[in-house]
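The values are calculated or read from the model by the stated rules, or taken from the named source; none is laboratory data. On a predicted model such as this, the values are computed, not experimentally measured, just so you know. Backbone-built Cβ (ideal geometry, glycine too); neighbour counts: all protein chains shown.
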Amino acid sequence: MRETIKILSVVLLLVALLVVVPHSGSFVVLLTTRAMCFAILAMSVDLLLGFTGLPSLGQAAYFGVGAYLTAILATRYHIGLGWDFWLVAAAGVLLGASLAALFGLFALRATGVYFLMITLALGQCVWGLAYRWNSLTGGDNGINVGSRPNFGLDLTDDRTLFFLVFGFFAASLAALYVLVRSPFGRSLEGIRERELRMQILGYDTWLHKYLAFVIAGAFGGLAGVLWAHINGHVSPETVVLTTSVDALLMVVLGGAGTLVGGAIGAGIVFALREYLSTLVPWWQYVLGGVYVLTILYLPTGLMGIPAQIRQFRAANGKPGRPGEMKTLASAPS
Amino acid sequence: MSKTRRVTQLADPLLRGTLAAALSLGLSSTAGAEELRIGFIAPTTGIFAQIGKDMVDGFQLYLDQHGNKLGGADVKFIVEDEQGKPDTAVTKAKKLILQDKVHMFIGGLLASSGYAMAPVSTAEKTLYIASVPAADDLTQRQLSKYPYFIRTTWSSSQPHHPLGQWACDQGYKKVAAIAADYAFGYEVLGGFQKAFEDCGGKIIQKIWPPLGTKDFGPYIPTIKSDADAIFTLMVGPMSLQFPKQLRAAGIKKPIIGGGTSYDEFVLPFMGDEVIGDVSALMYSAALETPKNEAFVKTYRAKYGKVPSYYSEANYTTAQMIDEAVKQSGGKYPGAEPFIRTMLALKIDAVRGPVSFDDMRNPIENIYIKKVEKKTMFGYDKPELWNTVIKTYPNVSQFWTYGKEKFLAQPVYSRDFPPCKYCE
Amino acid sequence: MGAQFWVVQAFNGISYGALLFLVGSGLSLIFGVMRIVNLAHGAYFLWGGYIALSVIGATGSWALSLPAAALAVAAIGIAMERLFLRSEGFARLRTALIAAGLGVLGALAFAARWGAAAGGSLSVLVLLAVACAAIAYFLLARIPVLAIETDVLRQVLLTVGFAFLFQQAALDIWGGNNMDINPPSEMTASVVVGGLYFPLYRVFMIGMAIVIGALLWLVMEKTRMGAAVRATVDDAQMARGVGIDTNRVSMFIFALGAFLAALGGVIGGAFLGIYPGLDFEILPLAFAVVIIGGMGSLGGAAIGSLAVGLADNFGKALFPEVSYFTLYAPMVLILAVKPTGLFGRE
């Protein structure tokens, strides 16, 4: 029952987004498109962090390869600007997945904070490559993706692009939702809770984690493909460490283990970085402050507020009953 | 400043009256005087925040000195923070165009920001004036993609061609080069190498420390001992550390620097070990002209530091806009006519005489400068200044090569010009 | 590549390693004791340098700036650890601090939106800040804070948030210029041995690392606190069982880590410069030391920093093509083979 309410509210929000945004100012359309693209990346990070318990600081790498692939194919080989855009999108997904498949072999040797560090190092390797491989990536000048694809739908129009990105976003959300509700997704949560138990129960936990890692890479690559066209420019800055940190931030803000939380977090971070920064110069303090406050007071993120309120009421509403042991509910139910 | 305000306030009613009269003749306008909406994109937070501040301050100083008007039009000056990221620069540029409806947007810091924002100007058909990004190809091989783009500062290789010529004239035959490993470094060294080797010199070594290197320990001992001089291109913290470490290692060879190795952004924080080091750029704060002296003194009194080329570039950009709007009859005529007007300008700027070539890049003086410790402009303490020792007038981005010939060669990169004399 | 080349490069590598030891040992100890990766460690380094600059500016004494900056940052470190990385104890102070911050932001927001209406009066803004702070305090005090000690990931993410705040604050306080710390001129000279130049400052760096390393070793091996630390690193639960106050050990180690990082910032400031962005540039280097040397091991940190210093130096000198990878590729390989670091114990 609760599940149905949640699904309905998410659908409602999506519909609202679809209806309201295109009629708002061009800048709002732009910001929302960018936020939705990052939301896909954030949701892939959530798959790893919230559901599998793997904190990765290197997801920007897959985002970057998707973006660079799109940019290089478009500028050098003129591929991807017509109907073959869909081919490029598929290629981006595959490339992201392949890179994750390679990196996963290294990264999954570690867990916890060691995993954090090794993914950081891997991400930095990709950054270094983007910087140094001048002939391919244009080095620090980056690559300008000249024009947007036109396949009946001309993506040069910002609003049309919005609808396309929305489509990908909604589809990703749906796909990931189905994934985490499947037995595979449940096993991931089991691994997050207590990997040893899962191993005793006979699960190949390494394989599960590896698959999750590869899937996250795939979605990261997809987000990258979209980003190349939304931003029109790809540079090593896209693959820099702070992008990965931002993605993690978005998930923590919105609520780890909720999928939608990542999207909400993406919206907030973008609103702060790209909108609040146009209003006041001290927006960095707001960003840092929101972050610190969320971790301290809302460990389950914004999506976890209803559950926290419920716990709070349960603990304080009945006198004579000592406060319940507040465990960190990783997935509000 | 208040004096100028009062003076322009006297002139204002006159201007307003004239315009009101013009308006009453049925010209459509919503305000009294013409409004010029200018968007300015600079990093005001993040690691480049100080440079961004210099950029804004330079432009703002000109506005303050001219009653916040350019060419007679009231200026609405909107500054947006690009945070040192090209992706954010794109968003802010679009915000300025779509939401604030600016007539033009100016700025960007990094070459990548310049490259990222140029297509925005094409897509939105809005003028983009790059007042800092120096990437060569923006006004060379890539220019045709950006019809609404103009640069008012310098291209990376532009000051370094004459520097190469100067190096030959000093009698240097073999030069070892150490430059930051990124596109700007390639283009700066490329310009120097081309000119230097064309007049008989030889680059015998190229070392590329990664951008941001501060410990040059691995690189300094590998510098070839038979070099007559060392060419360096350093940026930011690299500029501070390299000369110190080179001299501490006992190497006394003369240093020839690229524009950012000793510019006024880093010079105040350097020590006496850089005295005698040479570099080249289109500006030096030690330029002994009345115009520059006034500029340096006013800027320093107001902002507490000697202006760097970031400040001068934006101050002069404001001056150019002022002149162009004036010639357009006090209002913004649209991007294409405005660009044509700008290209025809001949400005007497703080940096000297500036005009434009047909690829929309300035033609200006290039100054070969040497660091000296002295008192200047009536300041009582001796400080480090970039004394101008030679001026090359009317230097364009193509130097003496001619546009066609220059564009036929590939853009300067890590491998071009090739290091023929490197062992 | 004569003997000269190898000697000079080795010397350079060792001196660089000396600086890394200062930065990395603190991070390693913090991890060993508290199991958290302090991502604000780079910010401590940066603040150490900036505070030293202020001290030098105010007193003209470089020698004074070393302990002054290190102690100041240690104090900041203690405050951060006690207030934010623990949920009990100083809860009220923490809430008050956060409320004060929110109050200031609220007043700033008001000024941004309706500043003209208030006439820009400072007292109005201050009053507003106090009012906002009071409201914030009232609200925040009502929200229970989940025990943060138990969740390592949360603590790590918290340090990231602080790293951002520290970075912005440093920019607002000291500006964004690329600055340099100037040690006394005697130290900028070079010692000439056998025709080779050895900058005295690098010798100083090596000397300081050895002295600090020795002092740390003495503390760890010969004092009771040191024994408590080593016990906690080995097995925190056991240590608690034996009656060691791991809480106090955490505080001590965090302060020590911050102290060392700041000291590194002052010493490194004359070598690397002090500028915005240095905090996130030095962080991966500190990581590299901890990874290679193993978390929680002082001896490991010494070996790790030496290894990183030499490898980075020789890597760049001999294989300049892969300069960007001389740090990260080995990190990946080592972590993949031995996830707790070369000398780590788990």
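Given the structure, is C:G296 surrounded by fewer than 24 Cβ atoms within 10 Å (Cβ to Cβ) and at positive phi? It is false that C:G296 is surrounded by fewer than 24 Cβ atoms within 10 Å (Cβ to Cβ) and at positive phi. Scanning the range A:65-84 for residues that are among the aliphatic types (A, V, I, L, M) and within 22 Å of the chain's Cα centre (by Cα), we see that the one that is surrounded by the most Cβ atoms within 10 Å (Cβ to Cβ) is A:A67. Checking the structure you have, find out if any residue of the range C:134-141 is within 8 Å of chain A (Cβ to nearest Cβ) and either touching a Lys or Arg at 6+ places or on another chain (Cβ under 8 Å) or at pLDDT below 85 (or both). The answer is yes, given that some residue of the range C:134-141 is within 8 Å of chain A (Cβ to nearest Cβ) and either touching a Lys or Arg at 6+ places or on another chain (Cβ under 8 Å) or at pLDDT below 85 (or both). Among the residues here, C:I253 qualifies as within 20 Å of C:M34 (Cα to Cα), more than 13 Å from chain A (Cβ to nearest Cβ) and β-branched (V, I, T).
Table: residues versus (1) over 27 Å from B:G84 (Cα atoms); (2) away from every other protein chain (no Cβ under 12 Å).
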| site | (1), (2) |
| --- | --- |
| C:A262 | no, yes |
| C:G277 | no, no |
| C:E281 | no, no |
| C:I303 | yes, yes |
| C:E321 | no, no |
| C:V332 | yes, no |
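Can you tell me which residue among B:W385, B:W399 is surrounded by 19 or more Cβ atoms within 10 Å (Cβ to Cβ), farther than 24 Å from B:A179 by Cβ and not assigned by TED's automatic domain parsing to the domain that holds B:A135?
Exactly one of B:W385, B:W399 is surrounded by 19 or more Cβ atoms within 10 Å (Cβ to Cβ), farther than 24 Å from B:A179 by Cβ and not assigned by TED's automatic domain parsing to the domain that holds B:A135, namely B:W385.
When the range B:225-254 is limited to residues that are part of a loop (DSSP other than H, G, I, E, B) and under 17 Å from C:K316 (Cβ atoms), the one that is nearest to the other protein chains (Cβ to nearest Cβ) turns out to be B:A249. Could you check, for the range A:106-116, whether at least one of its residues is among the charged types (D, E, K, R), within 14 Å of chain C (Cβ to nearest Cβ) and touching a residue at least 12 places away in the same chain (Cβ under 8 Å)? There is no residue in the range A:106-116 that is among the charged types (D, E, K, R), within 14 Å of chain C (Cβ to nearest Cβ) and touching a residue at least 12 places away in the same chain (Cβ under 8 Å).
The single condition from (1) touching a strand residue (DSSP E or B) at 6+ places or on another chain (Cβ under 8 Å); (2) within 14 Å of chain A (Cβ to nearest Cβ) that B:S413 fails is (1).
Only residues that are in contact with a Phe, Trp or Tyr (Cβ under 7 Å, 6 or more places away or on another chain) and of a type outside the set (G, A, S) were counted in the range C:54-70, giving 1. Just one of the listed residues (A:A71, A:A121, A:A90, A:A61) is within 10 Å of another protein chain (Cβ to nearest Cβ) and assigned to a helix (DSSP H, G or I), namely A:A121.
In the list C:S323, C:S305, which residue meets the criterion of being closer than 23 Å to A:A130 by Cβ, in a helix (DSSP H, G or I) and in the same structural domain as C:A231 (by TED's automatic domain parsing)? Let's see the steps before the verdict.
On the way: C:S305 fails: closer than 23 Å to A:A130 by Cβ.
Exactly one residue qualifies, and that residue is C:S323.
From the list C:R94, C:R82, C:R35, the one residue that fits, being outside the structural domain of C:L285 (by TED's automatic domain parsing) and either within 29 Å of C:A228 (Cβ to Cβ) or under 19 Å from the mean Cα position of the chain (by Cα) (or both), is C:R94.
Is it true that B:S279 is part of a loop (DSSP other than H, G, I, E, B) and hydroxyl-bearing (S, T, Y)? Answer is no for this residue. Using the structure shown, decide if C:F31 is more than 11 Å from every other protein chain (Cβ to nearest Cβ), assigned to a helix (DSSP H, G or I), out of contact with any strand residue (DSSP E or B) (no Cβ under 9 Å at 6 or more places or on another chain) and within 22 Å of C:L216 (Cα to Cα). Against the criterion (more than 11 Å from every other protein chain (Cβ to nearest Cβ), assigned to a helix (DSSP H, G or I), out of contact with any strand residue (DSSP E or B) (no Cβ under 9 Å at 6 or more places or on another chain) and within 22 Å of C:L216 (Cα to Cα)), C:F31 does not qualify. Of A:V178, A:V126, all but one fail to be without any contact (Cβ under 8 Å) to a residue 24 or more places away in the chain and either out of contact with any helix residue (DSSP H, G or I) (no Cβ under 7 Å at 6 or more places or on another chain) or under 30 Å from C:S323 (Cα atoms) (or both); the exception is A:V178.
Here A:N144 fulfils each of the conditions (1) within 18 Å of A:L87 (Cα to Cα); (2) touching a strand residue (DSSP E or B) at 6+ places or on another chain (Cβ under 9 Å) apart from (1).
When the range C:175-205 is filtered for residues that are under 16 Å from C:Q9 (Cα atoms), in contact with a helix residue (DSSP H, G or I) (Cβ under 7 Å, 6 or more places away or on another chain) and more than 7 Å from every other protein chain (Cβ to nearest Cβ), the ones remaining, listed by number, are C:V191, C:L196, C:F198, C:L200, C:Y201, C:R202, C:M205. Quick check: anything in the range C:6-23 more than 13 Å from chain B (Cβ to nearest Cβ) and of a type outside the set (A, V, I, L, M, F, W, C)? No, every residue in the range C:6-23 fails to be more than 13 Å from chain B (Cβ to nearest Cβ) and of a type outside the set (A, V, I, L, M, F, W, C). The residues on offer are A:G139, A:G217, and the sole one that is touching a helix residue (DSSP H, G or I) at 6+ places or on another chain (Cβ under 6 Å) and under 22 Å from A:T258 (Cβ atoms) is A:G217. Go through the range A:277-313 and give me each residue that's buried (at least 17 other Cβ atoms within 10 Å of the Cβ) and more than 10 Å from every other protein chain (Cβ to nearest Cβ). A:G301, A:L302, A:M303, A:G304 - these are the residues of the range A:277-313 that are buried (at least 17 other Cβ atoms within 10 Å of the Cβ) and more than 10 Å from every other protein chain (Cβ to nearest Cβ).
Given the options A:L122, A:L95, A:L87, name the one that is surrounded by 19 or more Cβ atoms within 10 Å (Cβ to Cβ) and out of contact with any Leu (no Cβ under 8 Å at 6 or more places or on another chain).
Only one candidate qualifies: A:L122.
All conditions in (1) in the same structural domain as B:K76 (by TED's automatic domain parsing); (2) in contact with a strand residue (DSSP E or B) (Cβ under 7 Å, 6 or more places away or on another chain) hold for B:M376, with the sole exception of (1). For C:L128, state whether it is over 26 Å from the mean Cα position of the chain (by Cα), part of a helix (DSSP H, G or I) and not acidic (D, E). Considered against the rule, which asks whether it is over 26 Å from the mean Cα position of the chain (by Cα), part of a helix (DSSP H, G or I) and not acidic (D, E), C:L128 comes out as yes. Tell me yes or no: at least one residue of the range B:178-185 is within 20 Å of the chain's Cα centre (by Cα), modelled with pLDDT of 90 or more, in the same structural domain as B:V274 (by TED's automatic domain parsing) and over 22 Å from C:I274 (Cα atoms). Among the residues of the range B:178-185, at least one is within 20 Å of the chain's Cα centre (by Cα), modelled with pLDDT of 90 or more, in the same structural domain as B:V274 (by TED's automatic domain parsing) and over 22 Å from C:I274 (Cα atoms), which makes the answer yes.
Conditions (1) within 30 Å of C:Q167 (Cβ to Cβ); (2) among the aliphatic types (A, V, I, L, M); (3) crowded, with 23+ Cβ neighbours inside 10 Å, marked per residue:
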residue	(1), (2), (3)
B:K53	yes, no, no
B:L70	no, yes, yes
B:P86	yes, no, yes
B:Q99	yes, no, no
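Residues that are surrounded by fewer than 22 Cβ atoms within 10 Å (Cβ to Cβ), within 20 Å of the chain's Cα centre (by Cα) and within 12 Å of chain A (Cβ to nearest Cβ) within the range B:116-140 comprise just one, B:D137. Restricting to the range A:93-105, and then to whatever is small (G, A, S) and over 17 Å from A:T238 (Cα atoms), can you tell me which residue is nearest to the other protein chains (Cβ to nearest Cβ)? By that ranking, first place goes to A:G104.
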